[in-house]
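Please read the structure below before turning to the comments.
The values are calculated or read from the model by the stated rules, or taken from the named source; none is laboratory data. It should be emphasised that the depicted structure is a prediction, and the values quoted were computed from it without experimental measurement. All Cβ positions, glycine included, derive from the backbone under ideal geometry; neighbour counts span all protein chains shown. With ligands, DNA and RNA removed, areas are computed over all heavy atoms of the protein, side chains included. Shrake-Rupley method; radii C 1.70, N 1.55, O 1.52, S 1.80 Å.
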Amino acid sequence: MSIMSRMPRPQAMNSHELQKLIMSTFGGGATASGVTVSNESAMRLSTVYSCVSILSRSIAQLPCHVMRQEGRIKNKATDFPLYRLLHDQPNEWMTAPEFWGMAMNHLALRGNFYALKTRISGRAVRELIPLAPGVVQEVKQSEDFGLTYACRFPDGSARDIPGTEVMHLRGMVINGFMGVNPIQYVRETLGLGLAVQEFGGRFFGAGTHPGIIVTHPGHLKEPSKLRESLGDTYAGLGQSHRIMLLEEGMKAEKIVIDPKDSQFLETRKFNKSEIVDIFFGMPLTLFHSGEATPTFASSEQFSLSYIVYALTPWLANIEKAIWRDLLSPEDQQKYFAKFSVGALLRGSMQERAEFYQTLVNTEIMNPNECRDLEDLNPYPGGDDYRTRTSTVKQPQTDQGATK
C-alpha cells in the first residue's frame, strides 16, 4: 500500500460548515438581500467607511500619556520606559497615531486587536508589534483560565503564544475573553445598505432606466441593432434625460419602479441611521442632514456629545487594557494610561479665554497650566494658584487691618 493511500483524505464540508469557516476568517456572511458581507466589503459602504475613519482619526490624534500617581498627585511619567512607546513610537516603523488608528480600525471592524510584546527577559516591554488580521487563528482558555493565542504567520509558520506576551484589546465581550465580530451580528443591515448602494449605482449608470419596452407596429428583422443603437445613444449617466427619437411608429414604455416611488432615499437614510447609531454608537448629528438637523449652542457641546457617546467607551477600554497587559503588578500600583481629549474640546478663542479665566479665578488651574493647553511656554510666577482678589491689594485701615 502506498504512502498516499494511507494518508487521511480531507472530508467535504457541508454548506453550514463552509459558511462557519468563512465567517470565522473574514467575518460576516451571506444575507437575505443576496449580498455577501465581509469586513472588507463592509468598508465599501460609505457610512461604515465614514464611521471607522472618524473614530480612527479621532483616537489617532489623542496623545496617550502614562501617568504616575503618588497619593493625590498625578504627573506625566515621561521617564517611565512605557511612556515613549504609547506616546511616540510603539515600534521601529510605526508612530503612535498610526498604531492607535490601526487598533481602532481592527476593533470597529473585527472586535479584536492584537499586539505582540517584545522584550528582553525580565525587563520592560521594548516594542509593540501589531498582528495583522487573520494571524490569530484561535484564542484558547486553559483549565486555570490562562489564555493562549494560536497564530499562523504570513510565512506559513504556526506558533502558540502565551497570553502574557500579547496585548489584546477587545470590543463587546460575551464569552469573557474574545471580542465579538460586529460584522457577523449586523450583516443583514450592512447587506441591505450595500444592496441599496449598488441599486443606486446601477440605476444612474444605466441612464435609460433599464426596463423600458420599445414596441414596433410591424416586424423587425434585426432587433439586436435597434437595442444596440438605443444603448449607445441613451445608456450611461452622461446621456441621461436626452430626448429619445423613435421612428416608424415605435413607442417606449417604462416598466421599472421610480427610485422615489420605491422609497430609495428613505431606505438609504434609515439604513444609515441604523449603522451609525446601532453599529458604532455614534451621534446621529455627525451624519444627519436635512431640515431636522439638531443644533448645538457651541462647538464644545457638539464635541462633548461625540466624546461622551462615541469615544469615551473605546478610550476607557484601551486604557484599562494597557494597565492590564503592559504594566507589572508592582507598576500597576502607581502607573496608569490616560488619553488626553482636551484637543477635541477646544471651542472658539472667546470660549477658551472665558473658560481659562474661570478656572484661574476659582483656583482650579494656574496660568501656566492653561498656557500648556494652548501649547504656550510657561512664565515665571505662572505656577501660583490665585483668585481674582488675591492679585488685588486690599485697602488697609489706620490700624493696618483689612477692612
Does any residue of region 137-152 turn out to be touching a Lys or Arg at 6+ places or on another chain (Cβ under 9 Å) and closer than 24 Å to residue 95 by Cβ?
-> no
Could you please let me know if residue 356 is crowded, with 17+ Cβ neighbours inside 10 Å, assigned to a helix (DSSP H, G or I) and modelled with pLDDT under 85?
-> no
Within region 40-51, which residues are touching a residue at least 24 places away in the same chain (Cβ under 8 Å) and farther than 25 Å from residue 322 by Cβ?
-> 41, 42, 43, 44, 45, 46, 47, 48, 50
Would you be able to say whether some residue in region 93-110 is open to solvent by less than 50 Å² (accessible area, probe 1.4 Å), under 30 Å from residue 330 (Cβ atoms), modelled with pLDDT of 90 or more and assigned to a strand (DSSP E or B)?
-> no
Sort out which residues of region 20-73 are at pLDDT below 80 and of a type in the set (Gly, Ala, Ser), and write them in order of number.
-> 24, 27, 28, 29, 30, 32, 33, 34, 38, 41, 42, 46
Of the conditions (1) open to solvent by less than 50 Å² (accessible area, probe 1.4 Å); (2) out of contact with any strand residue (DSSP E or B) (no Cβ under 8 Å at 6 or more places or on another chain); (3) at pLDDT 80 or above, residue 335 fails just one. Which one is it?
-> (2)
Given the conditions (1) under 18 Å from residue 171 (Cα atoms); (2) part of a loop (DSSP other than H, G, I, E, B); (3) touching a helix residue (DSSP H, G or I) at 6+ places or on another chain (Cβ under 6 Å); (4) hydrophobic (A, V, I, L, M, F, W, C), and given that residue 132 satisfies all but one, which numbered condition is not satisfied?
-> (3)
Test set (1) within 11 Å of the chain's Cα centre (by Cα); (2) open to solvent by less than 20 Å² (accessible area, probe 1.4 Å); (3) touching a residue at least 60 places away in the same chain (Cβ under 8 Å) - residue 54 fails condition number = (2)
Just name the residue that is least open to solvent (accessible area, probe 1.4 Å) out of those in region 57-67 that are among the aliphatic types (A, V, I, L, M) and part of a helix (DSSP H, G or I).
-> 59
Reported set for region 139-182 where residues are open to solvent by 70 Å² or more (accessible area, probe 1.4 Å) and of a type in the set (D, E, K, R) is 140, 143, 144, 152, 155, 159, 160
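Rundown of residues vs (1) out of contact with any strand residue (DSSP E or B) (no Cβ under 8 Å at 6 or more places or on another chain); (2) touching a residue at least 60 places away in the same chain (Cβ under 8 Å); (3) closer than 23 Å to residue 177 by Cα, yes/no style:
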site: 58; (1), (2), (3): yes, yes, no
site: 62; (1), (2), (3): no, yes, no
site: 66; (1), (2), (3): no, yes, no
site: 70; (1), (2), (3): yes, yes, no
site: 89; (1), (2), (3): yes, no, no
site: 117; (1), (2), (3): no, yes, yes
site: 126; (1), (2), (3): no, no, no
site: 140; (1), (2), (3): no, no, yes
Within region 111-129, restricting attention to residues that are farther than 17 Å from residue 168 by Cβ and out of contact with any Ser or Thr (no Cβ under 6 Å at 6 or more places or on another chain), which residue is least open to solvent (accessible area, probe 1.4 Å)?
-> 124
